[in-house]
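A.B. asks: Can you keep this structure in mind? I'll have questions shortly.
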């Protein structure tokens, strides 16, 4: 049984069909990459999974149960954590307090929450920055803080939305290492990423969409060689 399954999911905003009959499965223990050009519906798909946007039709099944219609916090409590494409930490709070706040999804005392936060900050290589205001972190630190906040909810499935965007090559390599470590420690990952080095390196399988519709699925190499994917990214006149 897959950990997550989207079944013929549609999401319309008025006359615009942002997600158009998308179906895919995420198996336990894998990293599934979700790719597509800008505006193809990737983040909207994440928002549908987490019910920031209620889906127009179809179903989303997590751990064998439909999560359609649940509240966003209920989906988090069920075991789906996520990061956001535009990172928005609690800017005036410390790095530690940002993660402590997220830990209250699972624990009931400030002592427990702070203990969880300290462990996760070390895991994400932010321990030395724990007392700093979140707004003082550079982009790479804010991206790791976003992951740390998601990990504090103890997810079974982690949705990562452009975790490597804006990073320099060394920081990209560090992001790849962290994502692989998270998966190796037992958390399944669904990742949206535009940097091909990242998506090709970390993904077991890739699902490609364009204009809200599925255009390909397979191994990284199969998807990279797919004519529809090449046309979506480079145009119909591209000749490889």
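Where a number appears in this text, it was derived from the coordinates with a stated rule and is not lab data. Small disclaimer: the values here were computed from a predicted structure and weren't measured. All Cβ positions, even for glycine, are placed from backbone atoms using ideal geometry, and neighbour counts span all protein chains on display.
A.B. asks: Take every Cα pair under 8 Å in the chain that's 6+ residues apart, average their separations, divide by the length, and report that relative contact order as a whole percent.
C.D. replies: Computed over the chain, the figure is 26 percent.
A.B. asks: Taking the square root of 5 times each eigenvalue of the Cα gyration tensor, what semi-axes in Å does the equivalent ellipsoid of the chain have, largest first?
C.D. replies: Taking √(5λ) for each Cα gyration eigenvalue gives 30, 21, 16 Å.
A.B. asks: Find how many whole Å separate the alpha carbon centroid of segment 73-130 from the alpha carbon centroid of segment 165-240.
C.D. replies: Segment 165-240 and segment 73-130 have Cα centres separated by 27 Å.
A.B. asks: Could you compute Rg(Cα) / (2.2 N^0.38 Å) for segment 32-138, with N its residue count?
C.D. replies: Taking the Cα Rg and dividing by 2.2 N^0.38 Å, one obtains 1.26.
A.B. asks: Using R₀ = 25 Å, calculate the FRET efficiency as 1/(1 + (r/R₀)^6) where r is the Cβ-Cβ separation of residue 65 and residue 21; round to 0.05.
C.D. replies: It comes to 0.70.
A.B. asks: In terms of the ratio Rg/(2.2 N^0.38 Å) built on C-alpha atoms, what value belongs to segment 80-163?
C.D. replies: Cα-based Rg divided by the globular estimate yields 0.96.
A.B. asks: If you take the C-alpha gyration tensor of segment 1-84, multiply each eigenvalue by 5 and take the square root, what semi-axes do you get, largest first, in whole Å?
C.D. replies: In descending order the semi-axes read 19, 15, 13 Å.
A.B. asks: Place a label point 7 angstrom from the Cα of residue 110 along the Cα-to-Cβ direction, then list the residues of segment 117-154 whose backbone nitrogen is under 17 Å away.
C.D. replies: Backbone N within reach: 117-118, 131.
A.B. asks: If packing is taken as the mean number of other Cβ atoms within 10 Å per residue, what is the order of 117-124, 88-95, highest first?
C.D. replies: Ranking the peptides 117-124, 88-95 by packing returns 117-124, 88-95.
A.B. asks: OK, next. So, how do all the Cα-to-Cα distances of segment 135-240 break down into 10 Å bins, in percent, from 0 on up?
C.D. replies: Once binned at 10 Å, the Cα pair distances of segment 135-240 give 13, 42, 31, 13, 2.
A.B. asks: What does the helix-only formula give at 222 nm for the chain: each DSSP H stretch with n ≥ 4 adding -39500 (n - 2.57), the total divided by the residues, and the result rounded to the nearest 500 deg cm²/dmol?
C.D. replies: -10500 deg cm²/dmol
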